[in-house]
1. Could you count how many residues in the range 265-298 are modelled with pLDDT under 95, polar (S, T, N, Q) and in a helix (DSSP H, G or I)?
2. Mind listing whichever residues of the range 311-322 are in a helix (DSSP H, G or I), touching a residue at least 12 places away in the same chain (Cβ under 8 Å) and more than 18 Å from the chain's Cα centre (by Cα)?
3. For residues that are among the small types (Gly, Ala, Ser), closer than 19 Å to residue 140 by Cα and free of Cβ contacts under 8 Å to residues at least 12 places away in the same chain, tally how many sit in the range 211-270.
4. Filter the range 254-277 down to the residues that are over 24 Å from the mean Cα position of the chain (by Cα) and within 19 Å of residue 220 (Cβ to Cβ), then identify the one that is surrounded by the fewest Cβ atoms within 10 Å (Cβ to Cβ).
5. List the number of the failed condition for residue 247; all other conditions in (1) at pLDDT below 95; (2) part of a helix (DSSP H, G or I); (3) among the charged types (D, E, K, R) hold.
6. Tell me which residues, restricted to the range 150-186, are aromatic (Phe, Trp, Tyr) and farther than 12 Å from residue 137 by Cβ.
7. So residue 139 fits all but one of (1) among the basic types (Lys, Arg); (2) surrounded by fewer than 16 Cβ atoms within 10 Å (Cβ to Cβ); (3) within 18 Å of the chain's Cα centre (by Cα); what number is the exception?
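The values are calculated or read from the model by the stated rules, or taken from the named source; none is laboratory data. This one's a predicted model, so the numbers in the text were calculated from it and none came from an experiment. We place every Cβ from the backbone using ideal geometry, glycine too, and count neighbours over all the protein chains shown.
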Amino acid sequence: MPNLMDDAAMWDFVVDGYTVVHADLAREFHAQIHRDTEAVFAERGNVGNAILAEVPALAEVFDHSAVRGALTSILGPGYRFYPHRHCHLNTPHSAAQAMHLDSYEADENNRHHRARWALAFYYPHDVDEGMGPTSVVPRAQYHSTRPPDDETLFTGEAGSVCIVHYDSWHRATANLSDTPRYMHKWLFIRTEEPREPSWDHSPSFAPDYPATADLGSRDHGDMWANVWNWHCGREWEAKEDGGRVADLCVALSADLETVRLNAAYALGRMGGRAVAPLVDTLRDEAERRLEGNLAASMTNPSHLYSGYALSAVGGPAVPALTDELESDTWSIRAAAANILGDIGVAAEYAAPALAKRLGDAEPWVRRNAAEALGHLGGGAGEVVRGLGGLLADDVEWVRLNAAVALTRIGGEAAGAVPALESALDDDAYYVRANAAHALDAIGSPSAGGAL
């Protein structure tokens with residue numbers, strides 16, 4: 001049985017973006033993984049995604065009840081391995097890495113605040129502060145620019161596993177010792193939107209989050225409350241107060257990202273009365289930020305602060321966003337698709353309109369619509385046919401998102417098995433690998449045969 005997190009630990013994850021658990025297997029077990037890892041590096045160098053095949057005992061670490069419990073709590077009971085893993089070697093007397101966010105492998109994902117992706121860092125040997133441990137910046141996982149906060153070093157004995165929100169700022173620190181430091185990094189994805197808490201939850205637990213009175217505050221009370229409620233499978237109640245909508249919409253373009261984020265969630269807290277001005281702001285922001293977003297690395301053109309606000313509004317924003325899927329401007333269509341997917345359960349009835357956008361002339365719209373349909377779930381024929389068709393798209397990250405969406409839909413996506421079987425021969429590794437994962441998730445006899 002997975003050892004689930006309790007409310008306090010889950011709240012800490014929502015706020016700080018990471019949790020640390022221990023796979024308390026025998027020390028000799030971890031020592032053998034350490035020796036096997038060293039042997040792989042000595043004989044073949046860094047084998048990247050093939051590390052599991054070379055060191056199969058790694059699977060037992062991530063199947064440990066403490067690790068499964070934390071991942072279940074954060075990503076839900078249907079979470080899956082993502083087909084990317086990497087062992088990081090920090091050599092003796094090496095310099096520190098720059099603080100960074102990870103890319104989404106072969107994709108330009110939107111950095112959603114809601115935890116649908118996670119990283120896990122595992123040490124097969126003891127790591128102290130002098131050995132170049134990985135560090136994480138707490139409370140920075142919702143920021144696309146690094147806040148000026150101190151990093152926290154992830155140290156611990158063999159078997160320590162740090163699970164972090166995918167968009168956490170992190171790095172390898174300087175290894176001041178004479179000992180090589182190994183860290184195995186694995187990726188995991190959520191496959192089901194939360195409808196209830198997936199951790200050991202008590203209905204009486206009330207998170208202690210501060211009111212966001214100052215838009216420049218680093219205490220993001222409204223944002224944390226929204227993410228917490230999403231994890232609990234519920235939308236928050238709108239507040240009638242909270243300031244003037246127009247002023248907050250202007251603040252979405254403030255110089256400080258902290259101000260932009262707090263303004264977004266203050267608007268989200270207002271509910272339906274903020275939708276019309278937010279959609280106007282979205283139309284402007286989608287065009288105004290387009291050139292910069294396209295030029296930036298690891299950035300989807302739909303990275304918009306009005307988008308965070310509309311996601312936080314939730315259900316009341318769905319009709320207006322569905323209308324924006326018909327916009328003459330592709331960046332607005334792409335943004336609307338992204339936000340509907342981030343809203344999740346409350347946007348399920350927008351699936352037919354999103355399915356139409358799978359045939360959009362603009363690849364960013366197709367990509368965002370595919371991802372959104374994976375979040376919304378449900379295997380209606382038009383959805384599965386459309387996603388299956390995208391597996392032959394000219395653009396790799398469109399095909400990739402179609403495969404991931406079909407993985408999330410799972411058993412209801414059986415109609416896409418022939419297209420997924422063909423995708424097993426795709427030139428792109430992550431398309432092939434995610435097609436195999438989708439076939440496994442479907443679980444039909446023909447899917448098993450394809451694997």
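1. Count: 1.
2. 313, 315, 316, 317, 318, 320, 321, 322
3. 1
4. Residue satisfying both the conditions and the ranking: 255.
5. (1)
6. Across the range 150-186, the qualifying residues are 166, 182, 186.
7. Among (1) among the basic types (Lys, Arg); (2) surrounded by fewer than 16 Cβ atoms within 10 Å (Cβ to Cβ); (3) within 18 Å of the chain's Cα centre (by Cα), residue 139 violates only (2).
So that you can scan it fast, the table gives a plain yes or no per residue for (1) more than 22 Å from the chain's Cα centre (by Cα); (2) over 30 Å from residue 105 (Cα atoms):
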position	(1), (2)
211	yes, yes
229	no, no
279	yes, yes
282	yes, no
286	no, no
299	no, no
